[in-house]
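Below: the structure, in structure tokens.
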């Protein structure tokens with residue numbers, strides 16, 4: 001299961017209504033932060049996330065509204081006497097940026113900061129616990145923005161399950177021994193041998209993609225095909241296209257990406273503060289892709305393969 005907490009949904013700067021765009025993916029108790037602009041630390045506290053449990057941070061690009069929260073987070077970790085390493089991932093140049101931000105604030109931290117330059121198409125894999133089926137993979141893809149930029153796809157590890165359609169066709173009822181079958185062992189039931197290679201099918205895990213800032217791009221469409229949730233920037237509506245810099249998307253652009261990629265749900269994010277009402281952007285997107293939503297600060301998206309729930313975080317203080 002994936003839990004996606006939307007920390008901020010605005011562009012450029014934090015306001016009372018919308019903080020800068022960032023989000024957390026929680027998987028098997030571990031938390032992964034994507035982008036970190038001004039105010040991110042406040043939203044993390046309101047959402048109940050402890051900085052001491054945050055081990056991996058992913059940056060899409062180096063504009064201030066996506067990175068200026070990093071020094072404060074690292075400083076707070078240091079003040080709380082953190083000793084465990086923190087890993088920060090980002091496009092080429094991330095090492096220079098992170099070291100510069102650290103030196104501006106305090107020169108050094110009492111824990112290791114491991115910085116990883118990521119190239120589009122690269123994947124980061126890991127396990128969130130020692131239990132079977134808790135693995136994940138984070139794929140990266142090229143986006144189209146004014147600076148070097150990348151997007152991320154968090155993919156939950158798939159799993160093996162008994163082929164229920166085949167069972168139904170052959171009139172076979174469920175049996176406790178199928179637990180061993182799922183673990184790759186042959187089992188015998190009523191004199192019949194069941195082999196994993198013949199009775200198991202691979203089930204995909206849940207997946208969520210986050211673009212960061214981007215124009216509509218073929219590289220994005222190709223990368224996010226079939227994901228359960230696409231979180232795509234939508235800085236403006238189509239009528240205001242001429243007023244915005246190159247490198248951003250309209251609500252219609254995002255919806256076209258979602259439709260062409262065949263995603264499950266689209267969440268629009270990274271809104272210009274000129275918009276008081278989000279209804280025009282939502283209407284624009286839904287004319288192209290019906291399963292579109294407006295992301296709001298402190299939205300909580302709970303995603304299992306085959307099921308989805310949209311809720312809200314009840315703001316409270318975290319205890320580090």
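Read the figures in this text as sums done on the coordinates, not as results from a lab. For clarity, every value in this text was computed on a predicted model and none was experimentally measured. Glycine also receives a Cβ, built like all others from the backbone with ideal geometry; neighbour counts cover every protein chain displayed.
Taking a ≥ b ≥ c as the square roots of the eigenvalues of the Cα gyration tensor, region 129-257 is prolate, since a/c reaches 1.5 or more and a/b is larger than b/c. Build a GNM of the chain with springs between Cα atoms under 10 Å apart, and of 148, 81, 256 the one that fluctuates most is 81. For residue 188 and residue 241, the difference between the fully extended length at 0.36 nm per residue and the C-alpha to C-alpha distance is 12.6 nm. Label sites at residue 201 and residue 277, each approximated as a point 7 angstrom past Cα along Cα to Cβ, lie 4.6 nm apart.
Counting only DSSP beta bridges whose two residues both lie in region 170-307, roughly 25 percent are antiparallel.
If R0 is 45 Å, the Cβ-Cβ spacing of residue 309 and residue 96 corresponds to a FRET efficiency of close to 0.65. Its DSSP H runs of at least 4 residues, each contributing -39,500 (n - 2.57), put the calculated 222 nm mean residue ellipticity of the chain at -6000 deg cm²/dmol, to the nearest 500.
Per the Cα gyration tensor, the chain maps to an equivalent ellipsoid with semi-axes of 36, 26, 17 Å, ordered largest to smallest.
Antiparallel beta bridges, as assigned by DSSP with both residues in the chain, represent about 60 percent of the total such bridges.
Would you work out if region 240-320 is rounded, prolate or oblate? Take a ≥ b ≥ c from the square roots of the eigenvalues of the alpha-carbon gyration tensor; rounded if a/c is under 1.5, else prolate when a/b is larger than b/c, oblate otherwise.
oblate
The label point for residue 1 and the one for residue 109, both projected 7 Å from the Cα toward the Cβ, are 3.0 nm apart.
Using the Cβ-Cβ distance between residue 166 and residue 117 with R0 = 41 Å, the FRET efficiency computed as 1/(1 + (r/R0)^6) comes to roughly 0.35. When you count the other C-beta atoms within 10 angstrom of each residue and take the mean per peptide, 277-285, 92-100, 307-315 line up highest first as 277-285, 92-100, 307-315. Contact order, relative form, for the chain: 19 percent (alpha carbon pairs under 8 Å, 6 or more residues apart, mean separation divided by residue count).
Taking 253, 163, 213 as the candidate residues, the one with maximal mean-square fluctuation in a Gaussian network model of the chain, Cα springs under 10 Å, is 163. Taking 209, 251, 261 in turn, the Gaussian network model of the chain (Cα-Cα springs below 10 Å) assigns the largest fluctuation to 261. Separation of region 48-75 and region 196-255, taken as the distance between their Cα centroids, equals 22 angstrom.
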